[in-house]
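Bear in mind that the values in this text are calculations on the coordinates, not laboratory data. Given the structure is predicted, the values throughout are model-derived calculations rather than measurements. Here the Cβ positions follow ideal geometry from the backbone for every residue, glycine too, while neighbour counts run over all protein chains shown.
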Amino acid sequence: MTTFKDFVESHRSEVYNILCKYVPNGQPGASHIMRDYIDRKGKYRRPGLLLLTSQLYGANIEDAMLPAAAQQISEDWILMQDDVEDDSELRRGKPAAQRVYGWVHAFNATNIGHMAMWRMLKDYTLRVGPEKGNRVYEKFWDMLNYTVEGQHIENEFIHYTKDLSRANEAMYYRIADSKTCYYTVYGPMQLGALTGNASETDLQILKSIGQPAGVAFQIVDDILDMTADEKEFGKKNNGDLFEGKITLSVLHMYNNANPAEKERIDAIYKKKRDQKTEAEILYLRELIDKYKSIDYARGKAEEFGSKAKESVEKFLEVMPDNQYKDIVLSSVEEMYIRKK
């Protein structure tokens, strides 16, 4: 059986070639910086999901390529902005853009990706007509708008609140819902379905699958941040702790810590990234291990992953009956059973 990974790999070069067309690599400048992240290439999960559901719902895959490329370049410019905001060290195995080009040039270069994304969606509309083009455009806008709101909540905590006593799992799930569930999973799936002949009911089915899958994906991503091989994962270990992010493991650790431990945790979380020492991060990791907080998070990932799988199985009978149904199940499993 073709797996989701196989499906993504079979279309990766087509999506990448479109990105290169819309962001040509010329003289040093903003386009050159944006192409740096494009050329590093991500996992292409999001455009893969879009193309997969486009096929599930009967679209011409050539028509779906432009929305898929728009989805991928949105990831490229958003990640570059994230790296500037968080002052991340690595992205896709190489130094983050602001550490190579400076934060002013890196942030400005994201505009190149942003403009190319909307141009792709315009060209898609010209290709398929205003009715279908507008439905895709409006869904894309709604997805990114919700994602930005989630990013605001996370930035507010990281850069201003810096107080774990004012954070909780509800906040974590709200951020995950916008930045991961919608943007990473069911948004791309709905966009692909809209390039085909999906109904509003179909879009709701995809959402019911994508929400728990997205939460599982984010929890696993947080765990890998602390446990994965850095070369394989493409990012420095414990980046979330350095950046002061909210994760289920951190919340579980903090809620179980004694008063003296909480006082030291608070002191570390109030510091900026570049003020934290390796010894302080090691202390946080020791507490996370002490309270088995990674195990707690992993249990939650399995819980949400099971819900996603149950949703797929529940709706298999009402999905279009073609060879892409089984790959949808594979794609959901790949969200939370992964090493990178």
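Below are the figures for this structure:
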quantity: Computed helical MRE - 222 nm, the chain, DSSP H runs ≥ 4 contributing -39500 (n - 2.57), nearest 500; calculated: -24000 deg cm²/dmol
quantity: Cα-centred dipole magnitude for the stretch 46-143, charges only on beta-carbon of K, R (+1) and D, E (-1), debye, nearest 20; calculated: 300 debye
quantity: Contour minus Cα-Cα distance for residue 286 and residue 94 (0.36 nm per residue); calculated: 66.4 nm
quantity: Two-site label geometry, residue 111 and residue 271: point separation in nm, points 7 Å out along Cα→Cβ; calculated: 3.6 nm
quantity: Nearest-ten-degree value, helix 30-40 long axis tilted from longest Cα axis of the chain; calculated: 90 degrees
quantity: Choice from 260, 216, 198 showing the highest fluctuation, given a GNM over the chain with Cα pairs closer than 10 Å; calculated: 260
quantity: Loop GluC sites (Glu not before Pro), the stretch 124-167 (other Cβ atoms within 10 Å of the site Cβ: 14 or fewer; DSSP); calculated: none
quantity: Acute angle (nearest 10 degrees) that the helix 293-315 long axis makes with the longest principal axis of the chain, alpha-carbon atoms; calculated: 20 degrees
quantity: Links that overshoot a 24 Å alpha carbon limit, given the list 5/245; 43/207; 207/314; calculated: 5/245
quantity: Folded to 0 to 90 degrees: helix 200-227 orientation relative to the chain principal axis, Cα; calculated: 40 degrees
quantity: Efficiency of FRET between residue 142 and residue 337 - r from beta-carbon atoms, R0 30 angstrom, step 0.05; calculated: 0.55
quantity: Overall form of the chain per C-alpha gyration tensor (a/c, 1.5; a/b vs b/c); calculated: oblate
quantity: Protection proxy ranking, peptides 188-195, 291-298, 325-332, average beta carbon neighbours within 10 Å, highest first; calculated: 188-195, 325-332, 291-298
quantity: Protection-proxy order for peptides 300-306, 265-271, each taking the mean of Cβ atoms within 10 Å per residue, highest first; calculated: 300-306, 265-271
quantity: Positive minus negative residues near residue 174 (Lys, Arg vs Asp, Glu; Cβ under 10 Å); calculated: -3
quantity: Simple label model, 7 Å out from Cα along Cβ direction - residue 6 to residue 279, nm; calculated: 5.4 nm
